[in-house]
Amino acid sequence: MLTEITGEAVKILISVDAEFTINYAFANPAEYSPSSTALFSPVANRDIGFEEVLKLFKKYQVQATFFTEALNSHFFGVDVMKSNVNRILKDDHDVQLHAHPVWQEFKCSDWRDKVINKQLKDNFFDLPSAEIEVVLSECIDVFQQWTGYRPIAFRAGNFQACPSLYEALEKTGFTLASSIGLPIFKPKEELLNVENRGALINNIIEMPVTSFQSMGCRHKALTITGTSSREMKEVLHQCKSKGIEYVVILTHIHEFIKNNSKATKVKSNQVNVNRLDNLCSFVNSNEGFEFETFNNLININKSSLKKSKNIQDINTSVLSGLWTILENQMNDKVWIY
């Protein structure tokens, strides 16, 4: 197990996946197209979702890492996402790279005809590292047009990591990745079965999304949308007691908006907003925890990562797990909740 670092605060990394939606364009290309506003600014002149998250971070003086999807530029061009990146950077957050390979379908102007009955691929599986390098280089170029600097950290779409991806990441100049979340997707390669520890994979520092056993039996990733504040606190306290130095929490831009059953109305997802608010308040109020961003992890001691082992015995109580289930069901089924 990891060696406990007495007296040092657990580093909490809030990682936000920032991406546009394909919006049923592959399921029904004749009627639908991708949308850049549905997730970032769903209601004109109302600060819900994206803006609400930024306001919360500013309220608590928290810096987060936004893993921002770049291959959407094949449909939208560079400038559409750049406006959101500028908003993120204005508040001094960390911006790193995210990529869903399926967006490459939009390279062709006749994509509507080509995607019909096509088996679409949204991962880098079975690709040699040289081909992945080409895709990553495209992403880096877009990223530099957004930010003026090169990304150092990468997150794969759907957390579908593979060994050749890490080879390509090293060759294209990355230092860090957060592309593993075992409850979300478990790679077949033992090398990539990394849980609750940093690991060195092809000289890339992998910081997986933190995971736990809800109620001692439900293997879950530590997410805002999937974890009540009560259960989140239990997980964080156990991470502290077990000497886990870095906790990676996952969330997405779209998790802070809520659509009704007919998708005719949209409002703030107050349950998730409150969870984020409570998390920020908890970390800032407890000396045993502090916020961190991926861009500050570049100098981690790589030799120590080689000795670390998985920690799998983070278990929450039945009561807190049931509270999460109840709260999520109410949020899904009751519009005014």
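The values are calculated or read from the model by the stated rules, or taken from the named source; none is laboratory data. Treat the numbers as computed from the prediction; the structure is a model and nothing was measured. Using ideal geometry, Cβ is built from the backbone for each residue, glycine included, and neighbour counts are taken over all protein chains shown. Quick note on the areas: whole protein, heavy atoms, side chains included, nothing else; ligands and nucleic acids left out. Shrake-Rupley method; radii C 1.70, N 1.55, O 1.52, S 1.80 Å.
Could you work out the helix-only [θ] at 222 nm for the chain, with each DSSP H run of four or more residues adding -39,500 (n - 2.57) and the total divided by the number of residues, to the nearest 500 deg cm²/dmol? Write down the numbers at each step before the final one.
Details: 10 runs with 108 residues, N = 337.
Roughly -9500 deg cm²/dmol at 222 nm, from the helical runs in the chain.
By a 1.4 Å probe calculation restricted to protein chains, ARG87 has an accessible surface near 60 Å², given to the nearest 10. Compute the accessible area per residue over segment 1-152, keeping the other protein chains in place, probe 1.4 Å, unit Å². Here the residues of segment 1-152 average 48 Å² of exposed surface. Label separation (SER83 vs LYS302): 4.1 nm, computed from points 7 Å beyond Cα along the C-beta direction. Using a probe radius of 1.4 angstrom, the carbon and sulfur fraction of the accessible surface of the chain is 48%. Distance between the pseudo-spin-label points of GLU287 and PHE125 (7 Å out from Cα toward the beta carbon): 4.9 nm. Can you give me the distance in nm between label points at LYS267 and ASP141, each placed 7 Å from the Cα along the Cα-to-Cβ direction? It is 4.6 nm. The C-alpha atoms of segment 148-227 occupy a region whose extents along the principal axes are 42, 31, 19 Å, arranged from largest to smallest.
From most to least packed by mean Cβ count within 10 Å, the peptides 90-101, 141-152 give 90-101, 141-152.
Protein heavy-atom accessible surface, 1.4 Å probe, per residue over segment 188-322: 43 Å². With both bridge residues required to lie in the chain, what share of the DSSP beta bridges run antiparallel, to the nearest 5%? For the chain, the DSSP antiparallel bridge percentage is about 30.
Net charge dipole, segment 1-145: roughly 420 debye, given to the nearest 20, about the Cα centre with Cβ charges of +1 for Lys and Arg and -1 for Asp and Glu. Legend: residue pairs LYS11/LYS59; LYS90/LYS333; LYS121/LYS302; LYS107/LYS267, Cα-Cα distance threshold 30 Å; pairs beyond threshold, LYS90/LYS333; LYS121/LYS302; LYS107/LYS267. If a/c stays under 1.5 just call it rounded; otherwise compare a/b with b/c (prolate if a/b is bigger, oblate if not). Do that for segment 182-337, with a ≥ b ≥ c from the square roots of the Cα gyration tensor eigenvalues. Note, shape of segment 182-337 comes out prolate. Accessible area of LYS265 (1.4 Å probe, protein heavy atoms only, ligands and nucleic acids ignored): about 120 Å². Rounded to the nearest angstrom and listed largest first, the equivalent-ellipsoid semi-axes of segment 100-250 from its Cα gyration tensor are 31, 19, 15.
Suppose every Lys and Arg Cβ carries +1 and every Asp and Glu Cβ carries -1, with no other charges. What dipole size does the chain come out with about its Cα centre, to the nearest 20 debye? Write down the numbers at each step before the final one.
Details: 35 positive and 39 negative charges, 134 e Å.
The dipole magnitude comes to about 640 debye.
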